[in-house]
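S.K.: One structure coming up, written as structure tokens, with questions to follow.
The values are calculated or read from the model by the stated rules, or taken from the named source; none is laboratory data. Predicted model only: the values in this text are computed from it and were never measured. Please note: Cβ atoms are built from the backbone with ideal geometry, for glycine as well, and neighbour counts cover all protein chains shown. Surface areas here come from the heavy atoms of the whole protein model, side chains and all, with no ligands, DNA or RNA. Shrake-Rupley method; radii C 1.70, N 1.55, O 1.52, S 1.80 Å.
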Protein chains: 2
Amino acid sequence: MNVAIIAAAGQGTRMGGNRAKQFLELAGTPIIIHTLRSFELCDAIQEIILVLPAPDTAGFLAIAEKHRLRKLSQIVPGGTTRAESVLRGLLAVRSATEIIAVHDGVRPFVTSDEITKTVKAAEANEAAILTAAVTDTIKEVSNGIVARTLPRKVLRRSLTPQCFRFELLRRAYEQADVLDPDLTDESALVERLGVKVTIVEGSSRNIKITNQEDLVVGEAILNELESWS
Amino acid sequence: MNVAIIAAAGQGTRMGGNRAKQFLELAGTPIIIHTLRSFELCDAIQEIILVLPAPDTAGFLAIAEKHRLRKLSQIVPGGTTRAESVLRGLLAVRSATEIIAVHDGVRPFVTSDEITKTVKAAEANEAAILTAAVTDTIKEVSNGIVARTLPRKVLRRSLTPQCFRFELLRRAYEQADVLDPDLTDESALVERLGVKVTIVEGSSRNIKITNQEDLVVGEAILNELESWS
């Protein structure tokens, strides 16, 4: 069995309003519901564990029912950092699980095909992450001076899902300081164990919605997707 | 005297329509005009050289007149690559120039303050570029496998303007293969000469408009700027 852990425990409200960003609406539906639907529709995932801010866990079951999210098995209260929230999701996973797919709740545009490809790559190679090309020129800096220009062809932006054999991810988290704010993805923890993480090429549409401009782009992406269907 | 070279010779029409992207409109005004206005309003710049696709050079003077672009001194036909276009702009610069500010024509949201800060940093240190923080986790990859996670704090995205002492930039271009498509910014050429390039922290609003989604973000940024004024 393959399980998705959706990390949506962020309490950031910097977009204004008093709702955390994962509950803001895109085309009339909360961002987190768009995200959950992508996993609901993906045959490579059998179960979903959702990590939410503690005050939101109780009310979410009714929302899940309304949107017919049948794979959603548990709603877990999050921690103080993203890593602590993922760890709490991980502690709720049943032992018969093969692959864990960790995904950001505010990345609603991941496709079923992208999830499947990443899960399959992890089944074959233990660890795999979805990535996108880097379009900017990236400089390494030191003391306010450019140290060097990084060769763009060998760089990738790390997206989610990031998929791992359950035992591997559990081992990686055992050795992690989950309160370290510099811990930005699961892959980094697994890399530290010396495990090879396979990269899967994904779309740059799979954006993380973190500010007002992202929300505007999100609406544009949705409109474009609709005009195709 | 300080001169801006605005590189707007791209012929890309992948956003649809038959107009290159620098001529598409944001709030009813071509992107390139928004860009030129930022430099027109900046006291640190005395003259502007605009590099356009060859077929567009003749018609542009009337547009420049209409928008009262008084600093625009020359309109130069571009080359086959961005670097070749900048080189053509450079060949049109008069010898009394102190600082050259090279800017992407499709970055209309640069502010007068950002231009000034970058020019001043180049006056003090020979070479300076505007940059923004990297928000994604960046991986270095090798043969489809993650080689390492780059420490995000020491990375910057290279924006424009990039400002240099005229003689320095001319020397850098003398040694450059301007047809190399991997040449993505002027700074890389100057770095090769062993010169220290100072970084100036800029806003992530200073986006490069290269696709339809960017255009939507652009409209959102403009609306936000207006709601502030």
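S.K.: Do you know which residues across the stretch A:148-200 are of a type in the set (Phe, Trp, Tyr) and touching a helix residue (DSSP H, G or I) at 6+ places or on another chain (Cβ under 8 Å)? It would help to see each step written out before you state the result.
M.R.: First, pick out the residues of the stretch A:148-200 that are of a type in the set (Phe, Trp, Tyr): A:164, A:166, A:173.
Scanning the stretch A:148-200 gives A:Phe164, A:Tyr173.
S.K.: Follow-up. When the residues of the stretch B:1-28 are filtered to those that are assigned to a strand (DSSP E or B) and closer than 29 Å to B:Ala122 by Cβ, which remaining residue is modelled with the lowest pLDDT? Reasoning before the result, please.
M.R.: Here is the first cut: in the stretch B:1-28, the residues assigned to a strand (DSSP E or B) are B:2-7, B:25-26.
In the following step, the residues that additionally are closer than 29 Å to B:Ala122 by Cβ were identified as B:2-7, B:26.
Numbers: B:Asn2: 98, B:Val3: 98, B:Ala4: 98, B:Ile5: 98, B:Ile6: 98, B:Ala7: 97, B:Leu26: 92.
Out of the qualifying residues, it is B:Leu26.
S.K.: Let me ask something else. Tell me, yes or no, whether the stretch B:49-56 has at least one residue that is crowded, with 17+ Cβ neighbours inside 10 Å, among the β-branched types (Val, Ile, Thr) and under 25 Å from B:Leu225 (Cα atoms).
M.R.: The answer is no, given that none of the residues of the stretch B:49-56 is crowded, with 17+ Cβ neighbours inside 10 Å, among the β-branched types (Val, Ile, Thr) and under 25 Å from B:Leu225 (Cα atoms).
S.K.: Being touching a helix residue (DSSP H, G or I) at 6+ places or on another chain (Cβ under 9 Å), in a helix (DSSP H, G or I), among the β-branched types (Val, Ile, Thr) and buried (at least 17 other Cβ atoms within 10 Å of the Cβ) is true for just one of A:Ile100, A:Ile115. Which residue is that?
M.R.: Details: A:Ile100 fails: in a helix (DSSP H, G or I).
Sole residue among the options that is touching a helix residue (DSSP H, G or I) at 6+ places or on another chain (Cβ under 9 Å), in a helix (DSSP H, G or I), among the β-branched types (Val, Ile, Thr) and buried (at least 17 other Cβ atoms within 10 Å of the Cβ): A:Ile115.
S.K.: If B:Arg88 passes every condition in (1) at pLDDT 95 or above; (2) more than 13 Å from B:Ala7 (Cα to Cα) but one, which one does it miss?
M.R.: The one condition B:Arg88 does not meet is (2).
S.K.: Among the residues of the stretch B:172-204, which ones are more than 9 Å from every other protein chain (Cβ to nearest Cβ), surrounded by 17 or more Cβ atoms within 10 Å (Cβ to Cβ), part of a loop (DSSP other than H, G, I, E, B) and in contact with a strand residue (DSSP E or B) (Cβ under 8 Å, 6 or more places away or on another chain)?
M.R.: B:Val195, B:Gly202
S.K.: Could you identify the single residue in A:Leu169, A:Leu159 that is under 22 Å from B:Ile145 (Cβ atoms) and part of a helix (DSSP H, G or I)?
M.R.: Going through A:Leu169, A:Leu159 in turn, just one is under 22 Å from B:Ile145 (Cβ atoms) and part of a helix (DSSP H, G or I): A:Leu169.
S.K.: Ok, one more. Across the stretch B:121-144, which residue is farthest from the other protein chains (Cβ to nearest Cβ) among those that are in a strand (DSSP E or B) and loosely packed, with under 14 Cβ neighbours inside 10 Å?
M.R.: Looking only at the stretch B:121-144, we keep the residues that are in a strand (DSSP E or B), and these are B:127-133, B:138-142.
Those left that are additionally loosely packed, with under 14 Cβ neighbours inside 10 Å: B:133, B:142.
Working: B:Ala133: 11, B:Ser142: 7 Å.
Result: B:Ala133.
S.K.: In the stretch A:206-215, what residues are open to solvent by less than 50 Å² (accessible area, probe 1.4 Å), assigned to a loop (DSSP other than H, G, I, E, B) and farther than 15 Å from A:Arg19 by Cβ? Full working, then the answer.
M.R.: Just the residues of the stretch A:206-215 that are open to solvent by less than 50 Å² (accessible area, probe 1.4 Å), to begin with: A:206-207, A:209-210, A:213-215.
From the residues that got through so far, the ones that are assigned to a loop (DSSP other than H, G, I, E, B) too are A:206-207, A:209-210.
Result: A:Asn206, A:Ile207.
S.K.: Among the residues that make up the stretch B:147-161, is at least one of them of a type outside the set (D, E, K, R), at the interface with chain A (Cβ under 7 Å from one of its Cβ atoms) and more than 26 Å from the chain's Cα centre (by Cα)?
M.R.: From the stretch B:147-161, those of a type outside the set (D, E, K, R) are B:147, B:149-151, B:154-155, B:158-161; that's our starting set.
From what's left, at the interface with chain A (Cβ under 7 Å from one of its Cβ atoms): B:149, B:154-155, B:158.
From what's left, more than 26 Å from the chain's Cα centre (by Cα): B:149.
Looking for residues that are of a type outside the set (D, E, K, R), at the interface with chain A (Cβ under 7 Å from one of its Cβ atoms) and more than 26 Å from the chain's Cα centre (by Cα), one finds at least one in the stretch B:147-161, hence yes.
S.K.: Working only within the stretch A:145-159, note down all residues that are over 25 Å from A:Val195 (Cβ atoms) and either among the aromatic types (Phe, Trp, Tyr) or open to solvent by 20 Å² or more (accessible area, probe 1.4 Å) (or both). Break it down stepwise before answering.
M.R.: The first filter runs over the stretch A:145-159 and keeps only residues over 25 Å from A:Val195 (Cβ atoms), leaving A:145-149, A:152.
Hits for the stretch A:145-159 are A:Ile145, A:Ala147, A:Arg148, A:Thr149, A:Arg152.
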